[in-house]
Structures are given as structure tokens and as C-alpha cells.
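Worksheet: the structure to be examined is printed underneath.
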Amino acid sequence: MIKTRRFGDDRGWFSETYRQDRFAELGVPDLFVQDNHSYSRHVGTLRGIHFQSPPHAQAKLVRCVRGRIIDYAVDLRAGSPTFGRHVAAELSADNGDQLYIPVGFGHAFVTLEPDTEVSYKVSDVYAPETDGGIAWNCPTLAIDWPLPPEGPVLSAKDMALPPLEGWASPFAYDGVPLGPLSEE
């Protein structure tokens with residue numbers, strides 16, 4: 001979790017959202033090569049749980065630039081003692097917070113407000129042949145999504161993702177288990 005400083009006056013505020021040397025000091029070693037931006041019209045739009053496999057695995061640096069989301073990182077590293085567990089954080093245009101998602105973690109978010117926009121940096125380019133995901137409603141993950149009564153708004157792709165059971169992870173455990181989010 002990265003708290004972004006804002007410098008404000010009567011005009012509004014200014015914020016430095018990414019600086020490679022500062023982020024490296026915070027434990028974000030990746031060099032980002034592509035920026036993505038999504039727009040979600042409806043409350044309850046759920047995107048994920050997505051990842052890219054090696055050789056095009058991606059780390060992500062996610063922020064919400066309009067509206068609010070709950071952002072999730074799911075440990076998908078084979079052999080990890082926290083395999084299948086997740087952390088979540090509220091990201092919003094108001095709080096300016098960012099969530100770093102390392103390689104080996106699935107990423108998902110659900111919108112809490114209409115007309116929400118999310119921007120994120122990735123450490124490798126999009127490679128459709130390595131694109132993958134896990135079902136959002138996988139019982140093993142047991143994610144308690146904050147959804148409206150009518151349920152999530154999903155893409156056809158996200159409706160067809162497989163559960164975690166029987167899935168062979170392409171990600172190796174690096175010796176660092178998933179821990180609680182620390183705020184930097």
C-alpha cells in the first residue's frame with residue numbers, strides 16, 4: 001500500500017504518483033513499461049482475477065482516478081504458505097492511495113461508485129498468449145466482495161475463468177509470504 005502525498009492550496013492539489021527511485025526504496029523494484037486505464041459505468045463492476053504468466057508476467061501499480069474501488073491482490077505463487085489468500089484496499093480519487101501488486105499475484109477490483117476510472121502501470125506489455133485468470137467466485141478464495149444485491153457486472157471472459165482447484169500455477173514462491181498491507 002502506498003500513500004501518495006498531496007500538496008494543496010486554494011486551487012486544489014498536486015501529487016507525484018510515480019518516481020522510480022522513491023518507489024524502489026519502498027520495495028517496488030519494477031520498471032513499468034505500459035500504462036492502462038479502465039472506465040466502469042456501473043457500481044459492482046468486477047474485473048478480475050487477472051494475471052499474465054511468464055515470460056510476460058506483470059507487476060502492477062494501481063490507483064483509482066475517479067470514483068472508488070476495492071482492489072485485491074491474490075497470492076498465486078506455487079509453494080507459498082499464503083497461496084490463495086488475498087489482501088484488499090479501498091482506492092479512491094479522494095484518498096489517492098495506490099496498491100502495488102507483484103508478479104505472482106492475481107489482480108481484481110470491484111467498483112463502489114458509478115463512472116469509476118482506474119489507472120495502472122504494468123511491468124511488461126500485454127501479451128494475449130500469456131493472459132490468464134481465476135474465477136472471481138472461486139470458493140477456495142472465499143473473497144467477500146462488496147456487491148450490490150443484483151450481483152456483479154462481469155465480462156464474458158471473467159464469467160468463464162476457471163477455479164483455483166486443479167489449476168497449475170506458473171509462478172514460483174520467492175520466500176516472502178503475503179502479509180498485511182503496510183502503509184508507506
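Placing a pseudo-label 7 Å from each Cα along the Cα-to-Cβ vector at L31 and S119 gives an inter-label distance of 2.2 nm.
Working value for the stretch 98-141: equivalent-ellipsoid semi-axes of 19, 18, 11 Å, each the square root of 5 times a Cα gyration tensor eigenvalue, largest first. Computed packing ranks the peptides 118-131, 29-42, 5-18 as 118-131, 29-42, 5-18, most packed first, by mean other Cβ atoms within 10 Å. Calculated FRET efficiency, A142 to S38, Cβ-Cβ distance, R0 = 22 Å: about 0.30 to the nearest 0.05.
Share of the chain's accessible area from carbon and sulfur, percent, 1.4 Å? About 52 percent, which is the carbon plus sulfur part of the accessible surface. Place a point 7 Å from the Cα of T82 along the Cα-to-Cβ direction; which residues of the stretch 26-64 have their backbone N under 15 Å from it? Within reach of a label on T82, which here means backbone N under 15 Å from a point 7 Å along Cα→Cβ, the stretch 26-64 contributes 27-28.
Taking R0 as 30 Å, what's the FRET efficiency between D94 and A24 from their Cβ-Cβ distance, rounded to 0.05? That pair, D94 with A24, gives E of 0.65.
The distance between label points at Y173 and D9 comes to 5.3 nm (points 7 Å beyond Cα on the Cα→Cβ vector).
The values are calculated or read from the model by the stated rules, or taken from the named source; none is laboratory data. These figures come from a predicted structure and were not determined experimentally. Positions of Cβ are generated from backbone atoms using ideal geometry, with glycine treated the same way; all protein chains shown enter the neighbour counts. Protein only, heavy atoms only, side chains kept; ligands, DNA and RNA dropped before computing areas. Shrake-Rupley method; radii C 1.70, N 1.55, O 1.52, S 1.80 Å.
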